[in-house]
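Report on one structure; see the data block that follows.
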Amino acid sequence: MIAGVDEAGRGPLAGPVVAAAVVLGPRGIVGLADSKKLSAAARERLAIAIRRDCLVGVGQASVEEIDRLNILQATMLAMTRAVAALGIAPREVLVDGNRLPDWHWPARAIIGGDATEPCISAASIIAKVTRDAIMLAADAAHPGYGWASNKGYGSAAHLAALQTLGPTLLHRRSFAPVRAACEKWQMVSD
């Protein structure tokens with residue numbers, strides 16, 4: 001009962017941060033790797049197998065929580081929620097990165113763990129696929145920011161849209177480019 005934990009969405013200007021916790025099933029999953037090294041199609045295919053054959057928990061921290069707590073603490077909150085969502089107490093939790101949330105489960109931080117620990121690779125895939133789906137839905141609700149392709153990251157098109165369209169409720173106001181756009185749009189509305 002070892003759970004792997006990883007997150008997706010620390011760096012974007014918009015959307016929640018999403019974490020996943022995965023306990024691999026007895027058969028394992030063939031083809032696991034760091035989600036960033038896989039194509040979108042491969043991630044989707046693997047996510048289906050992971051959800052079918054493994055124990056999965058997903059947690060999020062909202063844009064409001066990110067702005068209130070800061071992105072690091074919001075990420076730790078999302079990770080805690082993901083492990084709690086497993087519904088079991090894992091014997092150990094392996095977390096990708098160099099920091100651990102303040103929680104009661106025995107845990108180890110592993111730098112580069114998404115490439116070396118299969119349970120963290122699986123969590124990486126679930127977190128990325130889940131967050132990408134959220135941003136695809138957000139793109140449909142808020143056209144013009146390019147979220148279907150940039151997933152909320154600060155691409156040139158996204159930054160230009162922030163200036164011409166202004167920020168949405170999904171934008172992280174504590175992030176400098178969004179804060180600057182908020183100031184600009186506040187002046188325009190005054």
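Taking only the Cα atoms of the stretch 1-82, the radius of gyration and Dmax are 13.6, 41 Å.
Let me spell out the model: positive unit charges on the Cβ of Lys and Arg, negative unit charges on the Cβ of Asp and Glu, origin at the Cα centre of the chain. What dipole size does that give, in debye rounded to 20?
240 debye
How far is it, in nm, from the label point at A133 to the one at N98 when both lie 7 Å from their Cα along the line to the Cβ? Placing both labels 7 Å along Cα→Cβ, they lie 3.3 nm apart.
Please list 76-87, 105-116 highest first by mean number of surrounding beta-carbon atoms within 10 Å per residue.
Ranking the peptides 76-87, 105-116 by packing returns 76-87, 105-116.
Projecting the Cα atoms of L24, L94, A61 onto the charge dipole of the chain, computed from C-beta unit charges around the Cα centre, puts L24 farthest toward the positive end. Counting 0.36 nm for each residue step from C182 to T164 and taking away their Cα separation leaves a gain of 5.3 nm. Within the listed set V17, V56, V30, the Gaussian network model of the chain (springs between alpha-carbon atoms below 10 Å) gives the highest mean-square fluctuation for V30.
Between I50, I29, I126, the Gaussian network model of the chain with springs among Cα atoms under 10 angstrom shows the greatest mean-square fluctuation at I29. Counting only Cα atoms, the chain measures 59, 35, 25 Å along its principal axes, largest extent leading. At the residue level, H171 shows approximately 0 square angstrom of accessible surface with a 1.4 angstrom probe and all protein chains present. Taken per residue, the accessible surface of the chain reaches 47 Å², heavy atoms only and a 1.4 Å probe. Hey, what angle do you get for helix 71-85 against the long axis of the chain, alpha-carbon based, 0 to 90 degrees rounded to 10? Around 40 degrees separate the two axes. Packing here is the average count of other Cβ atoms within 10 Å per residue, and on that basis the peptides 41-47, 57-63, highest first, run 57-63, 41-47.
The values are calculated or read from the model by the stated rules, or taken from the named source; none is laboratory data. Because the structure is predicted, anything quoted here is derived from the model rather than measured. Methodologically, a virtual Cβ is constructed for each residue, glycine included, from the backbone with ideal geometry; neighbour enumeration extends over all protein chains shown. What goes into the accessible areas is simple: the full protein's heavy atoms, side chains included, and nothing from ligands, DNA or RNA. Shrake-Rupley method; radii C 1.70, N 1.55, O 1.52, S 1.80 Å.
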